[in-house]
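Visitor: Attaching a single structure in structure tokens format; questions to follow.
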């Protein structure tokens, strides 16, 4: 669908109900996640890194289940943390379509998808985007790590997408479930980053060595003398 020369930040559910200590369903040690998240998003905005964000919508199916729906539209808990919003962002409402803006990230830096379920791949449009986009790296932040983020990681691995997870930017809800999820992820050789390492990765210049090599080969081919019409043809491996 799209091809980018730089990493894409995948921001999973950084909403007030989860990441604000005063939210309805706050993650464990939610306050400690704010500073590293701010550093990563500051670099993202400065470098105009493409961002795909998700937003839970009336969630009840999560373990352990909340006493009432969380991230309800129209409530403060539904809103994204203010610093996670880029100046130019576009919201992708709930529907069953698979289309996506033709200009992709050229016009809009951030696309925000509402999720009907804790599984992001249940959104056909987001599933297509995560499956078909060609990028050197998906950099993942958000939560809860033991549920939604784990599903995202395993889904991207299944789709053979390169990824790295920013450990100090991912919140967990239940320490026991988190330990089990970590064992499953470690068996997949998931690459982990700190927030500072993620900022360095975002700031790294795209690798242009491949394009330079192709260009040099093309120029070298132009320098070769043209073959005369009288010169013999190579017949090895050639069939009329």
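Visitor: Using a 10 Å cut-off around each Cβ, can you sort 90, 146, 68 from fewest to most neighbouring Cβ atoms?
Guide: Listed from fewest to most nearby Cβ atoms, that is 68, 90, 146.
Visitor: How far, in nm, would the chain grow between residue 35 and residue 188 when pulled straight, counting 0.36 nm per residue and subtracting the alpha carbon separation?
Guide: 52.2 nm
Visitor: So for 196, 114, fewest C-beta neighbours within 10 Å to most, what's the order?
Guide: Arranged by neighbour count, lowest to highest, 196, 114 become 196, 114.
Visitor: Could I ask something else about it? Pull out the extension gain between residue 107 and residue 204, defined as 0.36 nm times the separation in residues minus the alpha carbon to alpha carbon distance; nm, one decimal.
Guide: 32.7 nm
Visitor: Would you mind checking region 1-39 for residues with the amide N under 14 Å from a putative spin-label position 7 Å along Cα→C-beta of residue 67?
Guide: 23-26
Visitor: Between the alpha-carbon centers of region 16-79 and region 147-206, tell me the distance in whole angstrom.
Guide: Rounded to whole Å, the Cα centres lie 16 Å apart.
Visitor: Also: Report the extension gain between residue 196 and residue 83 in nm, rounded to one decimal, defined as 0.36 nm multiplied by the number of residues separating them, less their alpha carbon distance.
Guide: Gain in length upon complete extension: 39.0 nm.
Visitor: Report relative contact order for region 8-203 in percent, whole number only (criteria: Cα-Cα under 8 Å, sequence separation at least 6).
Guide: 26
Visitor: When a/c is below 1.5 the answer is rounded, else prolate if a/b is larger than b/c, else oblate, so apply that to region 8-203 with a ≥ b ≥ c taken from the square roots of the Cα gyration tensor eigenvalues.
Guide: rounded
Laboratory data are not the source of any read-out in this text; all were calculated from the coordinates shown. Predicted, not measured: the structure shown is a model, and the values here were computed from it. Methodologically, a virtual Cβ is constructed for each residue, glycine included, from the backbone with ideal geometry; neighbour enumeration extends over all protein chains shown.
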